[in-house]
Amino acid sequence: PPCPPALQICVSRCPDRYMTYLGAQGSSSSLEYYRDFCTPESRSSRKAPLEVLKDKECPAMLIPSTPLARRCFPAIQAKRGVIMVGNETTYDDGQGRRRNVTELLEGARKANVVLETRQLAMKIFEDYTVSWYWIIIGLVIAMVASLIFIVLLRFLAGIMVWVMIVMVILVLGYGIFHCYMEYAKLKGEAGSDVSLTDLGFQTDLRVYLHLRQTWLAFLIILCVLELVIVLLLIFLRKRILIAIALIKEASRAVGHVMSSLLFPLCTFFLLCLCIAYWASTAVFLSTSNEAVYKVFNESTCPFSGQTCKPETFNTSNVTKLCPDAQCLFAFYGGETAYHKYLIVLQFFNVFMFFWLANFVIALGQVTLAGAFASYYWAFKKPDDMPAFPLFSAFGRALRYHTGSLAFGSLVLAVVQVIRVTLEYLDHRLKAAENKFAKFLLSCLKCCFWCLEKFIKFLNRNAYIMIAIYGTNFCTSARNAFFLLMRNIIRVAVLDKVTDFLFFLGKLLIVGSVGILAFFFFTQRIKLVQDTAPPLNYYWVPILTVIVGSYLIAHGFFSVYGMCVDTLFLCFLEDLERNDGSAEKPYFMSQNLRKLLKKTNKGQPDA
C-alpha cells in the first residue's frame, strides 16, 4: 500500500524532552504538555490513545528539538565523540522499541546544510548592506566609462583598428621567425628528421616539438595566414576605411541623440512586465488544481490508492471493508477537461511569453533605428533633425508599425518554442538507448539554432527598413536581405570591425572597473584604505560590480551597434538610390563622400 503523507502541525515551540504519547497518559500535566504538539481536534476528542495514534492526531513520540527555518529539528550534539540528543544516546520510538540516536543523523545533516546556507545568505546580505553605495559608485563609473568610450570612438576608432591589424601582422611575423629558428636549430639532431607519419599518434604532445617537420608545418601555416591577411588588407583597405568612417559617424549620431543611451531602460522595464505576466500566469495555472484525496491503509485493501471524499468517507463502504483505511490528502490535480489540457495552457503561456518578449525587443530596435535614420537622412546635420527624434520614432512605431513588429516577433517566437520543445524531448530521451533518435534530435537542435540566428539577423535589418520606409515586414525583410547580399563584403568587414571594437570596449570597461573594485574592497589602495567597508566575503561586491559593469557596457554598446547597423543600411540605400545630382543628392556625411570620391553637384556640403 502507498505510504501516507507525514503529519505536519504548527506549534508555538519545539519539544524539549523525550516523551511518548502512551507514556504521557499516566500524568495530566504530561498529557497537557503533549497535546500542544497534537492536532486541535484531539483536544476535544474522547478517543482511546490507540485510536488517536491510529488516526494520526498526535505523534507517537517527542524528541528534544531546536527551531531552524520554522522547523523543529532534533537537537543533536556530540560529547566526547558520542552522538547524543538531550543527553541520551537512545530513545523510545513510541512503539515499545529503543532506537539509537544515530538514526537521526541524516535529518541533522540536512539541517546543517540549511543552517550553513542560511548563515552564508546572511553574511552576503550583510556585505550588501555595508557596501551597496560603493557598488552604485562602481556602476556609475562603468556608465561614465562606457559613455566616454563611445565618444572617443569618434576620434580613436581608426587608430585602434589599425593598431590591432599591425599587431596581428607583427605577432604572425614573430611566429614565422620563431618557427624558422626552431626548424634550423633541430638540423642535425638525432631523431629530428623522423616524419609525422612514421611517428604516428603520441599522447605526449611534446614529442612532436622535437621534429623538424612539425616546425616546418607551423612555418607554412603561419606564412599562409600572413599572406592572406596582407592580401585582404590590400584589397579590403577601402572597405575597412568605410567601416571606420561609419563607426565614427555613429558616434556623432549617438552624440546628437543622447536620450537613446537611456532607452534600454524602457525596454528592460517592458521585458520585466512580460516576465511578471508569464510567471504569474504559470503560477496561477500550476495552483489552479483541486485537492485530490486518496485511500491510505496499512493492511491489504482493494480500495487502496483510489480517490475519495473526506466528507462522505466515513459513511462509505470503504470503512466497512477496510476498517483501518483513511482518506488523506495526496496531491493537487484534477480529472476535468481543464485539468487534462493544463499542460497545453502552460505551453501556450510559454509561447505568449516569447511572442511578447520579442515584440518588446522589436519595438526597441525599430525605435532606435527610426531615431538614427532621422539623423542620417537629415541633409543639414543636425539642423534638419526633429526636435525629439527618439520620441518621434517611438510614436511612429506604435502608431504605424505594430502589426509588422507583431508578425516578425511571431515568426521568431514559433522557432524559439520549437527549440524549447526539442530541448524538452532531449531531456526526456537522455536515458533512452536509441542512438538514431538522439542523433536526429541533435541535428534538429542544430538546424533550428541556426534558423533562429538567421531570423534574428533578418528581423533586425527588416526593422531598420521599416523605420526608414514604413513598408510592411515581408517587403522590408526582402529588401534588406537583398541589399545586404549585394554588399556582402562590406557587411562582413563592418561586422568584424564593430565586433572587435565592442569586444575591446567591454574588456576595457569591465576589466578596469573590476580591477579598481578589487583593489578598493581588498583595502589595497592606501589613500582610501580606511574608507573601504569591512566585509565577510570581498568577492560579493566585486562580482556584483563586474556583472553590473558588463550589463551596463552591453546596454550602451547595443544602442551603438543598432546605430552602426542603421547608418550602414542608410548608407547602402543612399549609394543605390542617389547619384549626387541636384534632384538626388547624397545624404552621407562629407567624410564618407570624400572617402568614396562622391560629390553633390550644385549643393553645399552637409
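The values are calculated or read from the model by the stated rules, or taken from the named source; none is laboratory data. Note that the structure is predicted; figures quoted are calculated from it, not measured. So basically every Cβ, Gly included, is an ideal-geometry build from the backbone, and we count neighbours across all protein chains shown. All accessible areas refer to the heavy atoms of the entire protein, side chains included, with ligands and DNA or RNA removed. Shrake-Rupley method; radii C 1.70, N 1.55, O 1.52, S 1.80 Å.
Given the stretch 326-437, what helices (runs of 4 or more DSSP H) lie entirely inside it while holding 3 or more residues that are farther than 30 Å from Gly255 by Cβ, modelled with pLDDT under 95 and of a type in the set (Val, Ile, Thr)? Steps first, please.
On the way: elements: 337-340, 342-376, 389-400, 402-428.
Those helices (runs of 4 or more DSSP H) span 342-376, 402-428.
State whether the residues of the stretch 215-237 include one that is within 27 Å of Val491 (Cα to Cα), charged (D, E, K, R) and open to solvent by less than 90 Å² (accessible area, probe 1.4 Å).
Checked the stretch 215-237: at least one residue is within 27 Å of Val491 (Cα to Cα), charged (D, E, K, R) and open to solvent by less than 90 Å² (accessible area, probe 1.4 Å).
Considering every residue within the stretch 325-337, establish whether at least one is hydrophobic (A, V, I, L, M, F, W, C), out of contact with any Phe, Trp or Tyr (no Cβ under 7 Å at 6 or more places or on another chain) and either closer than 30 Å to Leu405 by Cα or open to solvent by less than 50 Å² (accessible area, probe 1.4 Å) (or both).
No.
Looking at the stretch 141-160, which of the residues that are of a type in the set (Val, Ile, Thr) and touching a residue at least 24 places away in the same chain (Cβ under 8 Å) is surrounded by the most Cβ atoms within 10 Å (Cβ to Cβ)?
Selected residue: Ile150.
When you scan the stretch 496-515, do you find a residue that is in the same structural domain as Cys570 (by the TED database), in a helix (DSSP H, G or I) and either more than 30 Å from Ala243 (Cβ to Cβ) or touching a Cys at 6+ places or on another chain (Cβ under 7 Å) (or both), even just one?
yes
When you go through (1) closer than 30 Å to Ile418 by Cα; (2) exposed (fewer than 15 other Cβ atoms within 10 Å of the Cβ); (3) among the small types (Gly, Ala, Ser) one by one for Ala357, which number turns out not to apply?
Going through the list (1) closer than 30 Å to Ile418 by Cα; (2) exposed (fewer than 15 other Cβ atoms within 10 Å of the Cβ); (3) among the small types (Gly, Ala, Ser), Ala357 breaks only (2).
Report, ordered by the first and then the second residue, all pairs with beta carbons closer than 7 Å, sequence separation of six or more or different chains, a first member in the stretch 448-459 that is among the β-branched types (Val, Ile, Thr), and a second member that is surrounded by 13 or more Cβ atoms within 10 Å (Cβ to Cβ).
Here the result reads Ile455/Val411; Ile455/Leu412; Ile455/Val415, each pair linking the stretch 448-459 to a residue that is surrounded by 13 or more Cβ atoms within 10 Å (Cβ to Cβ).
Would you point out the residue of the stretch 80-126, among those that are of a type in the set (D, E, K, R), over 47 Å from the mean Cα position of the chain (by Cα) and open to solvent by 60 Å² or more (accessible area, probe 1.4 Å), that is modelled with the lowest pLDDT?
The residue in question is Arg80.
Would you tally the residues in the stretch 464-478 being surrounded by fewer than 21 Cβ atoms within 10 Å (Cβ to Cβ) and over 18 Å from Val411 (Cα atoms)?
Step one: of the stretch 464-478, the residues surrounded by fewer than 21 Cβ atoms within 10 Å (Cβ to Cβ) are 469-472, 474-475, 478.
When the remaining residues are screened for being over 18 Å from Val411 (Cα atoms), the result is 469-470.
So the answer is 2.
Return yes or no: is Ser581 touching a Lys or Arg at 6+ places or on another chain (Cβ under 7 Å) and either open to solvent by 10 Å² or more (accessible area, probe 1.4 Å) or in a helix (DSSP H, G or I) (or both)?
yes
Say whether the condition of being more than 19 Å from Ser12 (Cα to Cα), in a strand (DSSP E or B), modelled with pLDDT under 70 and not assigned by the TED database to the domain that holds Leu328 is met by at least one residue in the stretch 61-71.
First, pick out the residues of the stretch 61-71 that are more than 19 Å from Ser12 (Cα to Cα): none.
No, that holds for no residue.
Please enumerate the residues belonging to the stretch 242-294 that are of a type in the set (S, T, N, Q) and farther than 20 Å from Thr498 by Cβ.
Answer for the stretch 242-294, where residues must be of a type in the set (S, T, N, Q) and farther than 20 Å from Thr498 by Cβ: Ser259, Thr267, Ser280, Thr281, Ser286, Thr287, Ser288, Asn289.
Look at Phe518 and say whether it is in a helix (DSSP H, G or I) and open to solvent by less than 40 Å² (accessible area, probe 1.4 Å).
No; evaluated as a whole, the condition is false for this residue.
Would you mind finding the one in Phe263, Phe303 that is part of a loop (DSSP other than H, G, I, E, B), surrounded by 15 or more Cβ atoms within 10 Å (Cβ to Cβ) and either within 29 Å of the chain's Cα centre (by Cα) or not charged (D, E, K, R) (or both)?
Numbers: Phe263 fails: part of a loop (DSSP other than H, G, I, E, B).
It is Phe303.
Could you check how many residues of the stretch 492-506 are surrounded by 18 or more Cβ atoms within 10 Å (Cβ to Cβ) and free of Cβ contacts under 8 Å to residues at least 12 places away in the same chain?
Residues that pass the stated criteria total 0.
Residue by residue, here is whether (1) open to solvent by 20 Å² or more (accessible area, probe 1.4 Å); (2) under 30 Å from Tyr586 (Cα atoms) holds:
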{"site": "Gly364", "(1), (2)": "no, yes"}
{"site": "Asp384", "(1), (2)": "yes, yes"}
{"site": "Leu405", "(1), (2)": "no, yes"}
{"site": "Leu440", "(1), (2)": "yes, no"}
{"site": "Phe448", "(1), (2)": "yes, no"}
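Would you mind stating whether Asn349 is assigned by the TED database to the domain that holds Asp565 and open to solvent by less than 30 Å² (accessible area, probe 1.4 Å)?
Criteria met by Asn349.
Determine whether Ala413 is more than 30 Å from Asp574 (Cβ to Cβ) and open to solvent by less than 10 Å² (accessible area, probe 1.4 Å).
Yes, satisfied.
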